[in-house]
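The values are calculated or read from the model by the stated rules, or taken from the named source; none is laboratory data. Note that the coordinates shown come from a computational prediction; the quantities given were computed from them, not determined experimentally. Note: ideal-geometry Cβ built from the backbone for every residue, glycine included; neighbour counts use all protein chains shown.
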Amino acid sequence: MQEFFTESSQKLQEFNDFLALPKKIVITTHQNPDADALGSSLGLAAYLKKKGHFPTVITPTDYPDFLRWMSGEKEVINFESDKQELSKTLISEADIIFCLDFSALNRIKHMEEFVKNSTAKKVLIDHHQQPENFADFVYWSEKSAATCELIYELIEKLGDKDLIDMPLAECLYAGLVTDTGSFRFDSTTQEVHRIAGELIAMGIQTNQIHRKIFDSNTFERMKFLGFALGEKLVYLPEYNVSYMAISKEDLAKFSSKNGDTEGIVNYGLSIKGVVMAAIFTERDDMIRISFRSVDNFSVSEFSRKHFNGGGHKNAAGGRSHETLEKTVEYFLTLLPQYQQSLTGLDY
Ligand code: 5GP
Ligand code: MN
């Protein structure tokens, strides 16, 4: 039975009581972790350590180099490394498994079956649409801009704001800044700015954090971006849609790594009038798709319905097990039925 403790002080108290004695804890997050995923995991781990617990962060896959500055990052275990056996032991012996920044268990790739089979209590802390029913405790809000925002609020509600030190604040700020698109998406509320303001008041260097995340491109990645925009970007003004399809060969040509395609989809959305942008990337085992949109066009609904995915209204992901060409073809056949909602926006 899942207990939502987002709004209920009684449930929050139960959660607090549950954490009264030191616990063996695993914290995990979605595959290909981004700054919100890793920042919230490391922020929570740092907090739990201060409370006397024994947390380990285990990620389903590796994450990009531009996140390798976060405090505690060196202790993160990648499930897809030679530490898989250790990970399995930690998962099966854990008292609690925190699941951060994802709402569907298939987002943790090969960790899914081990997390499912563990007898640990599961705690979901997340802001994605339609959370699956797998956790014992759920701290969830679709309105929150970032999981880092939820972690800050939770620590605050537990009366432990004084435990947030600079390294922890940096982790949380990183998630806030990325998931809000540097404080420009619709999700950027007054509450987001309040929390950012309080983190800044602790003395964090926001410009430095921003540079570490956004201005740490390799030369190859910049060349790849030029190639993607120059050769691969397709614009369909009749639908207000833009997309790119990137093959394995394209990635190899620029010695591109996972993470290099991250964010490129946003360039498609920056064309005036574009309502939905997509990027299709050929990976070893599937075609990964990222969708972005503006206003009321819900790419999470679109992705859930057609590409086995989900996410947020304006930022979602999905997958296909067809070829790259067939996936794009299928995408194009879908557009006519959405033409009205894609072109009917008044802006
Ligand atoms: P991205 O395109 O950056 O990979 O993902 C955009 C947003 O959608 C992120 O918040 C991400 O966590 C979420 N997302 C990506 N893929 C999936 C998916 O397959 N299912 C669900 N539920 N969410 C996804
Ligand atoms: Mn997030």
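Some observations on this one:
- Tally, over segment 291-305, of residues that are touching a residue at least 24 places away in the same chain (Cβ under 8 Å) and either under 18 Å from residue 244 (Cβ atoms) or of a type in the set (Ser, Thr, Tyr) (or both): 6
- Out of 224, 185, one residue alone is outside the structural domain of residue 34 (by TED's automatic domain parsing) and surrounded by 14 or more Cβ atoms within 10 Å (Cβ to Cβ). It is 224.
- Screening 102, 98, 134 for residues that are assigned to a loop (DSSP other than H, G, I, E, B) and crowded, with 24+ Cβ neighbours inside 10 Å leaves exactly one candidate, 102.
- Residues that are of a type in the set (Gly, Ala, Ser) and more than 25 Å from the chain's Cα centre (by Cα) within segment 305-347 comprise 341, 344, listed in sequence order.
- In segment 63-116, residue nearest to ligand 2 (Cβ to nearest atom) [restricted to those that are aromatic (Phe, Trp, Tyr) and closer than 30 Å to residue 215 by Cα]: 102
- Filtered residues of segment 291-337 (kept if hydroxyl-bearing (Ser, Thr, Tyr) and surrounded by fewer than 17 Cβ atoms within 10 Å (Cβ to Cβ)): 323, 330, 333
- Among (1) within 18 Å of residue 66 (Cα to Cα); (2) β-branched (Val, Ile, Thr); (3) assigned to a loop (DSSP other than H, G, I, E, B), the one test that residue 213 misses: (3)
- Sole residue being assigned to a strand (DSSP E or B) and either surrounded by fewer than 23 Cβ atoms within 10 Å (Cβ to Cβ) or in contact with a Ser or Thr (Cβ under 8 Å, 6 or more places away or on another chain) (or both), chosen from 154, 86, 124: 124
- Flag if residue 36 is within 16 Å of ligand 2 (Cβ to nearest atom), closer than 29 Å to residue 162 by Cα and acidic (Asp, Glu): yes
- The residue of segment 165-182 that is surrounded by the most Cβ atoms within 10 Å (Cβ to Cβ), among those that are closer than 18 Å to residue 37 by Cα and more than 16 Å from ligand 2 (Cβ to nearest atom), is 168.
- Residue in segment 39-54 that is among the basic types (Lys, Arg), assigned to a strand (DSSP E or B) and surrounded by fewer than 19 Cβ atoms within 10 Å (Cβ to Cβ) present: no
- The condition of being surrounded by fewer than 17 Cβ atoms within 10 Å (Cβ to Cβ), in contact with a strand residue (DSSP E or B) (Cβ under 9 Å, 6 or more places away or on another chain) and either under 30 Å from residue 321 (Cα atoms) or among the charged types (D, E, K, R) (or both) holds for only one of 239, 235, 243, that being 235.
- Within segment 246-264, considering residues that are within 15 Å of ligand 1 (Cβ to nearest atom) and buried (at least 21 other Cβ atoms within 10 Å of the Cβ), the one farthest from residue 335 (Cα to Cα): 260
- Residue within segment 162-175 that is at negative phi, assigned by TED's automatic domain parsing to the domain that holds residue 60 and within 13 Å of ligand 1 (Cβ to nearest atom) present: yes
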